[in-house]
Amino acid sequence: MSKVVHIAAIEAPSQPLPTEGGATHDYTTPEFRAVTTANGRKGIRLERAFWHALSAIADRMQIKRSNLISDVLAEAGNDDNATSVLRSYAVHTIETELSTMRQQSELAFALPMMMQAPVPSFAIDRSKRLIRVNPEFTRFLRGVLTQLGDADRSAVALNLDRPVTDIFEELGHSGQSCECLVNIAVGSRFRQIRARLIAVPPHAPTALVGYVINH
């Protein structure tokens, strides 16, 4: 059984940075810069797109671009192919950030949809925390607590009949949904329900949304 006992707010998706100065740049034009490496000063020629990308990454890390470049090249351990190292680093970092933003956007879209569902619904994260319930679930829970003879919501736990990590892995691979038995428990007393779970986003999910289908 995997208990879910904590409620936490979901973070809003990060906002994309505005285009610098609103100007249109020729990002394919190569530019030469002298940078500091572990072996001293070195001249590097990169397209403007990569200089701008490295600047944006450094700004988000709150460090100077020169320090970022020095750190990246030092970690790579070889100055001979510095242009390739920096291009690869910039592309990989931006790809990772875009993937994170996409997941957050999909989650931020799915949860408001869940809130409007006409059936009791809830969302849990990979840490087994209950991060959101809709009004229907709140009303349903009040009735369950009355039946169980305890009105203290803080004592409630949701026990799934399968490990949460296994469900994340299954739905993350299949992109499908699954049914799961859930016990709403207060101490030794519980009420069993059945829920259909979906993963959000469908692949590499960060949350499971459950719709109560039998209570």
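The values are calculated or read from the model by the stated rules, or taken from the named source; none is laboratory data. These numbers come from a predicted model, not from an experiment. Here Cβ is always computed from backbone atoms with ideal geometry, including for glycine, and neighbour counts include all displayed protein chains.
I'd like the full set of residues that are aliphatic (A, V, I, L, M) and either in contact with a Gly (Cβ under 6 Å, 6 or more places away or on another chain) or in contact (Cβ under 8 Å) with a residue 24 or more places away in the chain (or both), limited to region 50-84.
Ala53, Leu54, Ala56, Ile57, Ile69, Leu73, Ala74, Ala82
Can you name the residue in region 183-215 that is touching a Lys or Arg at 6+ places or on another chain (Cβ under 7 Å) and of a type in the set (Val, Ile, Thr) and, of all such residues, is surrounded by the most Cβ atoms within 10 Å (Cβ to Cβ)?
Step by step, filter region 183-215, then rank; the result is Ile184.
Conditions (1) touching a Leu at 6+ places or on another chain (Cβ under 7 Å); (2) closer than 17 Å to Arg129 by Cα; (3) at pLDDT 90 or above, marked per residue:
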| position | (1), (2), (3) |
| --- | --- |
| Asp161 | yes, yes, yes |
| Thr165 | no, yes, yes |
| Ser177 | yes, no, yes |
| Ile184 | yes, yes, no |
| Gly187 | no, no, no |
| Gln192 | yes, no, yes |
| Leu197 | yes, yes, yes |
| Pro202 | no, no, no |
| Thr206 | yes, yes, no |
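Pick from Phe137, Phe168, Phe190: which is under 17 Å from Ala117 (Cα atoms) and either in a strand (DSSP E or B) or within 27 Å of the chain's Cα centre (by Cα) (or both)?
Only one candidate qualifies: Phe137.
Could you please tell me which pairs satisfy a Cβ distance under 9 Å, a separation of 6+ or placement on different chains, a first residue in region 159-178 that is hydroxyl-bearing (Ser, Thr, Tyr), and a second residue that is assigned to a helix (DSSP H, G or I)?
Pairs found: Ser177/Leu171.
Provide a single number: the residues in region 33-51 that are surrounded by fewer than 18 Cβ atoms within 10 Å (Cβ to Cβ) and in a helix (DSSP H, G or I).
The qualifying residues number 2.
So which residues in region 75-88 are farther than 15 Å from Ile44 by Cα and surrounded by 12 or more Cβ atoms within 10 Å (Cβ to Cβ)?
Residue satisfying the conditions is Ala76 alone.
Which numbered condition in (1) farther than 25 Å from Thr96 by Cα; (2) at pLDDT 90 or above; (3) among the acidic types (Asp, Glu) is the only one that Glu169 fails?
Tallying (1) farther than 25 Å from Thr96 by Cα; (2) at pLDDT 90 or above; (3) among the acidic types (Asp, Glu), Glu169 fails exactly one: (1).
Of a type in the set (D, E, K, R) and under 15 Å from Ile124 (Cα atoms): does that describe Arg191?
no
Give the residue, chosen from Ala157, Ala199, Ala204, that is assigned to a loop (DSSP other than H, G, I, E, B), of a type in the set (Gly, Ala, Ser) and either in contact with a strand residue (DSSP E or B) (Cβ under 9 Å, 6 or more places away or on another chain) or assigned by TED's automatic domain parsing to the domain that holds Leu111 (or both).
Of Ala157, Ala199, Ala204, the one residue that is assigned to a loop (DSSP other than H, G, I, E, B), of a type in the set (Gly, Ala, Ser) and either in contact with a strand residue (DSSP E or B) (Cβ under 9 Å, 6 or more places away or on another chain) or assigned by TED's automatic domain parsing to the domain that holds Leu111 (or both) is Ala204.
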